[in-house]
Amino acid sequence: MKTRRATRRTSFVTPFAAWRDAVLYRLVRALRWFRPTTRFVLGFSVLTLVTTLLLAKTHSPMSAEFYKEGDVVRANVISPADIAVEDQTATVERRLNAQATVLPVWNYDAARSEAGARRLRALWQDSQRQPETRAGSNNRAAGERRAATGGDAGDESDESVARAVNAHRSDPSSLERLTRLLREANEGYIYEDRYAQYLTPEIRLVEARTGASVGNIVAQNRLVPLSNARQSLSTRLSQLTGWRPAEREALIEWMLPLVEPTISYNKEATEAARAAVHKGVAPAYTTLKRNQVVAREGDTVSMQMLTQFAAIRDYSRKQRRPHHFIGLLLIVAALYGAAWRFTEYRSTITTLPLSKVKAFVLVCSAIVMQLILMRVGFIFAESISGQSLAPPLNDPMMWSFAIPFAAAALLLTLLVDTQLALITAVLTAIFAGLLAPNGMLMTCYAMISSSAAIYGIGRYRERQSVTLAGLFVGAVNAFVALAVMLAAQQPLTLNAALLAFGCGVVGGMLTTIFTAGGLPVNESLFGILTDIKLLELSNAELPVLGQLALRAPGTNQHSHAVGQLAEEACRAIGANSLLARIGALYHDIGKTAAPEMFVENQTGDNPHDRLRPTQSARIITSHVTYGLKLAKEIGLPKQISDFIPQHHGTRTLHFFLRKAQAHAAEGETVDEAEFRYPGPKPQSKEAAIMMLADSCEAAARSLAKPDPENIRTIVSKIFDAIVSDGQLDECDLSLRELTKVRESIITSLTAIYHARIDYPGFNPPSLNPSLPPISPAHLDTEERGIGYTRPSEVPISKGGEVEDEAVTGKVKN
C-alpha cells in the first residue's frame, strides 16, 4: 500500500477547474439529446428573440421627452401614420355648449298658494276668540309667524294684530279681501332670492311631489322673486281703506310671512341632467397625416402639441407594437443569417482559431453583450439629459458619445479575426442606429469607432495592447463626435465641443475596460489561444512543466531545443511561431509516465533490451495517448494538445517491427498496427514543422561531428523520408515553404552545434586514448548517448524518425 501511494502520479487539476468542468458538463448534458442541426436552430432562435427584445423599444420615440407647456422642442416630431387626435379644446367647448343647452331643473309646488290662504283664515279666526281662550291661540299664531319669517314676534305684535282683526270682525268682506290679496301675491312662480344665480332665460319645472314634468317656462316673464312678491303685498296692504295706519302696519307684519316661494332650484337633478349630456357628447378629433411634422426642433410646446404628442405615443404603444416587434424579429434574423454565412465563408478561406460554429457563437454573444451596453448607455444618456436644463447638457446625443460602441469589435479583433470583427462592427452599428434617436448619425459614429478599434492595433501580444487600443479609439471618437455635431446642425459652442470631446474619450476608456474584462472570460469559454495565453502557458512554474523538468530532464531539454527550431522555421514562412514554441514545450509531456524508457533520459542500460518488441512499441506509443489524457486533465487548449499526437503522425516504429518479425515463429503474422502511432497526421503548418524539427533535433544530437555538412545531410534525409511517407499530405505546407523550413532548421542546428575552439596541449578525455573512458553516467547531456560519425549511420526510419531507443546504451565513435 505504501509503494502504491508513493508511485501515484501527481494531479494537475485544481479544485476550481474540476468544479467548473462539472458545472459545464451538467449545463450542456441536456442539449446532447438534440442533433447538432437542431441545437443550432434552437440557439439561433433564442439569439434572435433575445436580440429583438433588447432592440424593441418599450416606449415610443417620444416617451422619454417629458415636455411641459412652454418647453422647447428638442428634436423634430413627425407623425408615423394617419392618427386621429382628440382636440381637447374643441371637445371641452363642445361639451360646455351641450351642457349650456340643459335647462336648470326647478321643483314646483302649486299647493303653496292655497295653503297660505288657509293659514290666513285660521289665524283670523284665532284672533276673534274670547280673550280667555285667545292667549293660547295667539301664541300658536305667533309661533307659526316666527317659523315662517325666521324671526321673533313679540306678544305686543300679536296683541296689535288681534286688536286690528277685532276692529273689523263685524265686516265680513275684510277677510275675503285679505284672502284675495294673499292669493294674488302667491300667484305665479315665486322663488327665493338666493336661487337667482341659477336662473336662465328658460327653465324646466317638475312637480315637487311626483317628479312629473310640468314643462319649460320663460323665466323673464313668469318668475317672481320672493322679495318682490312680499313687497307687492306690502304695498297693496298699505293702501287698504278703512284700516288705521297702525292696523295696516300690524296686518303687513302678520301677512308677509304667509307669502312663500312656489318653486325651488333642484341642484341634484340639474347636475345629473348635465352629466348625462356631457357623457353623451363625442370627443372632437383632428387627423395627423403620415409624415406630418407635428413640431420642429426649437418650437415652443403648446397644449395642442402635448395632445398630439400623447396621441403619437398612444398609437406607437397600442397600434404598432406587434408590427414593430415582428418587423424587428425578421430584420434581426436576416442580419444574423448573413453573419452566419460570412462566418462560414471566412472559415473556408482562412484558418480560424476555433470552429465556424464557435466563431459564430462568439460573434453573436459579443453583439448581444454590446447591445446590452448600448441599451443601458442610451437609458443613462436620456436620464442625464432629462435632468439637465441648460444646453448642451440637455442633449442626449452628447452623452451617447460615451457609450463603448467598439468593445465587441475590439474583442473579436484580439481573439479571432479582423474580418469577423468587421461584420461584428457592422451589426453593432446597425443596432445602435435602431436604438438611438438620431439613428443614421449614431450608426456612422459607432461604425467609425469600431473600425478604429479593428485596424488601429497590432497583434495581441501584451495586456497593454488593449489600453493602447482604447486610447486610440477615444481619440478617434473625440473628432468623430465633433463631426456628428456639425452634421446634426448642433450649435458648435465651446461647452458643446468640450462635452462631445470628453464623452468621446470616455467612450474609448470604457471600451478598454469592457474589452479587458471580456478577454479572459471568452478565452476560457471558447478555448481561444491568444498570444497572452501562450505566454502564460510558457511559465516553467506550471505543475506539468515542473514535473517534466524534474522527472524527465532530457525530454525537457529536447522540448526547448525543438521549440527553438520550430519557432525560427515558423517565422521564416509567416506561421505562428509562438504557438509552435509553446507547443514544443508540451508535445512530449506524456513521457513523464515512464521517462526512463526514452533515450534522452537514460543514464545506463537501455530497458528495451529486456522487453519484447510489442512491449517496447506499446510503451513508446503510449506517451502520445497518455499525453493527450494529461492535456485534457489540465485543460490544455486544443491547439496545443494537437501537437502531442500530430508531431508523430501515423509513422511506424520500424526497428521494433522488424525485430518482432525476426523473432516471430514460422507462420506467425505480426500486426503492423501495434507498431504504429495513433495519429493523426499534421493538420497545420505549425504541427508539420514540429514533426520536422523534432526528428531533426534528435538526429543532430546523435551525430558525433555535427558540422554544417553533416547537419544538412541528415536534415535533408529526414525531410525526404517524412515527405515520402506521406506525413505532410493533410497540411497546407507548400514545397516552397518546405524548402524555407528546411534551410531555417539547418541554420538553427548549425548555430547550436557550432565548432568549438581547440585549446593547444589539451585533448578532451573522451578523445585521449591514454586515459580511461568515462562512464555514460558522468557525461554531459550533449555527450551522453550514441555518437554516429557519419549521417548514414543514424537509424532513421522510413517515416523520418530517429529510433535511438532501439540501440543499446554504449558509446560509439
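Go through segment 214-228 and give me each residue that's surrounded by 15 or more Cβ atoms within 10 Å (Cβ to Cβ), in a helix (DSSP H, G or I) and modelled with pLDDT under 85.
Result: 219, single match.
For residue 592, state whether it is of a type in the set (Val, Ile, Thr), open to solvent by less than 40 Å² (accessible area, probe 1.4 Å) and either over 20 Å from residue 528 (Cβ atoms) or touching a Cys at 6+ places or on another chain (Cβ under 6 Å) (or both).
yes
Is it the case that some residue within segment 485-495 is within 20 Å of residue 407 (Cα to Cα) and outside any loop (DSSP other than H, G, I, E, B)?
No: segment 485-495 contains no residue that is within 20 Å of residue 407 (Cα to Cα) and outside any loop (DSSP other than H, G, I, E, B).
Can residue 354 be described as in contact (Cβ under 8 Å) with a residue 12 or more places away in the chain and under 15 Å from residue 432 (Cα atoms)?
Spelling it out, it is not the case that residue 354 is in contact (Cβ under 8 Å) with a residue 12 or more places away in the chain and under 15 Å from residue 432 (Cα atoms).
What is the residue count in segment 569-589 for residues that are under 21 Å from residue 555 (Cβ atoms) and open to solvent by 40 Å² or more (accessible area, probe 1.4 Å)?
Going through segment 569-589 one residue at a time, the tally reaches 1.
For the subset of segment 716-739 comprising residues that are open to solvent by 30 Å² or more (accessible area, probe 1.4 Å) and β-branched (Val, Ile, Thr), which member is nearest to residue 679 (Cα to Cα)?
Here the answer is 723.
Among (1) within 30 Å of residue 473 (Cα to Cα); (2) out of contact with any Phe, Trp or Tyr (no Cβ under 6 Å at 6 or more places or on another chain); (3) not basic (Lys, Arg), there is one condition residue 531 misses while meeting the rest; what is its number?
The failed condition is (2).
In segment 398-433, which residues are farther than 27 Å from residue 337 by Cα and either open to solvent by 30 Å² or more (accessible area, probe 1.4 Å) or polar (S, T, N, Q) (or both)?
Hits for segment 398-433 are 399, 400.
Among the candidates 692, 703, which residue alone is hydrophobic (A, V, I, L, M, F, W, C) and at pLDDT below 85?
Step by step, each of 692, 703 is checked, and only 703 is hydrophobic (A, V, I, L, M, F, W, C) and at pLDDT below 85.
Determine whether segment 556-565 contains at least one residue that is open to solvent by less than 60 Å² (accessible area, probe 1.4 Å) and within 30 Å of residue 475 (Cβ to Cβ).
no
Would you check which residues across segment 500-555 are part of a loop (DSSP other than H, G, I, E, B), open to solvent by less than 60 Å² (accessible area, probe 1.4 Å) and under 18 Å from residue 579 (Cα atoms) and list them?
Residues satisfying the conditions are 527, 528, 529, 530, 538, 542.
Filter segment 646-656 down to the residues that are surrounded by fewer than 22 Cβ atoms within 10 Å (Cβ to Cβ) and of a type outside the set (Val, Ile, Thr), then identify the one that is farthest from the chain's Cα centre (by Cα).
Here the residue is 655.
Given 487, 475, 453, 483, which one is crowded, with 22+ Cβ neighbours inside 10 Å and not hydroxyl-bearing (Ser, Thr, Tyr)?
Just a single option satisfies the conditions, and that option is 453.
Part of a loop (DSSP other than H, G, I, E, B) and either touching a Leu at 6+ places or on another chain (Cβ under 7 Å) or more than 28 Å from residue 546 (Cα to Cα) (or both): is that true of residue 667 in this structure?
Taking the combined requirement at face value, the residue satisfies it.
Looking at segment 360-371, is at least one residue part of a loop (DSSP other than H, G, I, E, B) and within 20 Å of the chain's Cα centre (by Cα)?
No: segment 360-371 contains no residue that is part of a loop (DSSP other than H, G, I, E, B) and within 20 Å of the chain's Cα centre (by Cα).
Which condition does residue 539 not pass, out of (1) touching a residue at least 12 places away in the same chain (Cβ under 8 Å); (2) more than 23 Å from residue 380 (Cα to Cα); (3) not hydrophobic (A, V, I, L, M, F, W, C), if it passes all the others?
(1)
With respect to residue 683, is the statement that it is in contact (Cβ under 8 Å) with a residue 12 or more places away in the chain, in a loop (DSSP other than H, G, I, E, B) and of a type in the set (S, T, N, Q) true?
yes
What tally of residues in segment 646-658 results from selecting those that are under 30 Å from residue 526 (Cβ atoms) and not in a loop (DSSP other than H, G, I, E, B)?
Residues meeting the conditions: 1.
When you go through 110, 30, 64 one by one, which is the residue that is modelled with pLDDT under 75 and part of a loop (DSSP other than H, G, I, E, B)?
Answer to the selection: 64.
Considering each of 239, 308 in turn, give the residue that is polar (S, T, N, Q), open to solvent by 20 Å² or more (accessible area, probe 1.4 Å) and farther than 27 Å from residue 192 by Cα.
Of 239, 308, the one residue that is polar (S, T, N, Q), open to solvent by 20 Å² or more (accessible area, probe 1.4 Å) and farther than 27 Å from residue 192 by Cα is 308.
For segment 73-91, name all the residues that are surrounded by fewer than 13 Cβ atoms within 10 Å (Cβ to Cβ) and among the hydrophobic types (A, V, I, L, M, F, W, C).
Listed by number, the list holds a single entry, 84.
Mind checking whether some residue in segment 380-397 is of a type outside the set (Phe, Trp, Tyr), under 18 Å from residue 342 (Cα atoms) and buried (at least 24 other Cβ atoms within 10 Å of the Cβ)?
Within segment 380-397 (the criterion being of a type outside the set (Phe, Trp, Tyr), under 18 Å from residue 342 (Cα atoms) and buried (at least 24 other Cβ atoms within 10 Å of the Cβ)), the answer is no, since none of the residues qualifies.
Taking segment 333-367 as the search range and keeping residues that are of a type in the set (Val, Ile, Thr) and open to solvent by less than 60 Å² (accessible area, probe 1.4 Å), which one is modelled with the lowest pLDDT?
Result: 350.
Condition (residue is hydrophobic (A, V, I, L, M, F, W, C) and under 30 Å from residue 407 (Cβ atoms)) applied to segment 563-574: is it met by at least one residue?
Scanning segment 563-574, I find no residue that is hydrophobic (A, V, I, L, M, F, W, C) and under 30 Å from residue 407 (Cβ atoms), so the answer is no.
Can you pull out every residue in segment 173-195 that is part of a helix (DSSP H, G or I), surrounded by 14 or more Cβ atoms within 10 Å (Cβ to Cβ) and modelled with pLDDT of 85 or more?
The answer is 195, and nothing else.
Between 262, 286, 300, which is of a type in the set (Val, Ile, Thr) and open to solvent by 70 Å² or more (accessible area, probe 1.4 Å)?
Result: 300 is the single residue among 262, 286, 300 that is of a type in the set (Val, Ile, Thr) and open to solvent by 70 Å² or more (accessible area, probe 1.4 Å).
Of 311, 276, which residue is small (Gly, Ala, Ser) and either part of a loop (DSSP other than H, G, I, E, B) or at pLDDT 85 or above (or both)?
Only one candidate qualifies: 276.
Filter segment 368-379 for residues that are open to solvent by 30 Å² or more (accessible area, probe 1.4 Å) and free of Cβ contacts under 8 Å to residues at least 60 places away in the same chain; which is farthest from residue 507 (Cα to Cα)?
Top of the filtered list is 379.
Could you list, in sequence order, all residues of segment 595-645 that are in a loop (DSSP other than H, G, I, E, B) and either modelled with pLDDT under 90 or surrounded by fewer than 17 Cβ atoms within 10 Å (Cβ to Cβ) (or both)?
The answer is 598, 602, 603, 604, 605, 606, 611, 612, 634, 635, 636, 637.
The values are calculated or read from the model by the stated rules, or taken from the named source; none is laboratory data. All values derive from a computational prediction rather than experimental measurement. Ideal geometry is used to build each Cβ from the backbone, glycine not excepted, and the neighbour counts take in all protein chains shown. Remember, those area values only see protein heavy atoms, side chains included, never the ligands or the DNA or RNA. Shrake-Rupley method; radii C 1.70, N 1.55, O 1.52, S 1.80 Å.
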